[in-house]
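FYI, it's all coordinate maths here, none of it is from the lab. In this text the structure is predicted, and so the values were computed from the model without any measurement. Here the Cβ positions follow ideal geometry from the backbone for every residue, glycine too, while neighbour counts run over all protein chains shown.
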Amino acid sequence: MKSVITSEKAPKAIGPYAHANRFEGLIFTSGQLPVDPSTSSIVEGGITAQSYMALENLKSVLEAGEGDLTTVLKTTCYLSDIADFAAFNEVYKEFFGADFPARSCFAVKQLPLGALVEIEAIAFRK
C-alpha cells in the first residue's frame, strides 16, 4: 500500500504533490528545490549554495520516509545550466561520499522559482 511522506523540515510543496511516496520498501521523492524552509525562498549564493540546500531538503524528506542518503538507489538531477555541472558534482560528492547512487543529470531550460538545481531520488526504507 502507498503512503504519503511529508517532512516538517523540508519546504512546503509549491504545487499539488507530496514530498514523497513510499510503496512497500521503496521511497520515491518529488524533486527537491533549493528552497530554505524557514523563508520559503530560493537560497542566494549560486549553484554551490543551491546544491547544498536542495540536498539538505532531499535528506530531510528521505529521513521522514525512514530512509537516508545511504539508502538512495538513484537520483535524477536537473540543472538550469550545464556549465554548473562541475560545481554541482563537488557538493554532491560531499553528501554521498564514496557510496554514490546511480544518477542521471540533465540540463533543462528552466526550473520552478528560477532555481538552478532540482534533485529527486528513489531510495529504500531502512
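Which whole-number percentage describes the relative contact order of the chain, with Cα contacts under 8 Å and a sequence gap of 6 or more?
32 percent
Mind checking the dipole of segment 62-124: about its Cα centre, +1 per Lys or Arg Cβ, -1 per Asp or Glu Cβ, Debye to the nearest 20?
Using only the charged Cβ atoms, the result is roughly 260 debye.
Count charges around G67 for me, please; just the other residues with Cβ under 11 Å from its Cβ, Lys/Arg as +1, Asp/Glu as -1.
Around G67, the surrounding residues sum to +1.
Looking at the chain, identify the longest residue range that excludes and avoids all GluC sites (Glu not before Pro) in DSSP loops having at most 10 other Cβ atoms within 10 Å.
The reported range is 45-126.
Return the calculated 222 nm mean residue ellipticity for the chain, to the nearest 500 deg cm²/dmol, obtained by summing -39500 (n - 2.57) across DSSP H runs with n ≥ 4 and dividing by the residue count.
Only helices count here, giving -8000 deg cm²/dmol.
Which of K126, K2 comes first, and how do the rest follow, when ranked by fewest Cβ neighbours within 10 Å?
Arranged by neighbour count, lowest to highest, K126, K2 become K2, K126.
In whole Hz and in residue order, list the ³J(HN,Hα) couplings for segment 23-30 that follow from phi through the Karplus curve 6.51 cos²θ - 1.76 cosθ + 1.60, θ = phi - 60°; x for Gly and Pro.
For segment 23-30, the Karplus curve yields 10, 6, x, 9, 10, 10, 8, 7 Hz.
When the Karplus curve 6.51 cos²θ - 1.76 cosθ + 1.60 is applied with θ = phi - 60°, which whole-Hz ³J(HN,Hα) does each residue of segment 61-73 get, with x for Gly and Pro?
5, 4, 5, 5, x, 6, x, 6, 5, 6, 9, 6, 8
Starting from a Cα-only point model with no solvent, please compute log10 I(q)/I(0) by Debye for the chain at q = 0.10, 0.15, 0.18, 0.22 1/Å.
Ignoring solvent entirely, the Cα scatterers give -0.27, -0.62, -0.90, -1.34.
Taking θ = phi - 60°, what integer Hz values does the Karplus form 6.51 cos²θ - 1.76 cosθ + 1.60 yield along segment 74-90, in sequence order, with x for Gly and Pro?
Here the 3J(HN,Hα) series is 8, 10, 10, 10, 10, 10, 7, 8, 5, 5, 7, 4, 5, 5, 4, 4, 4 Hz.
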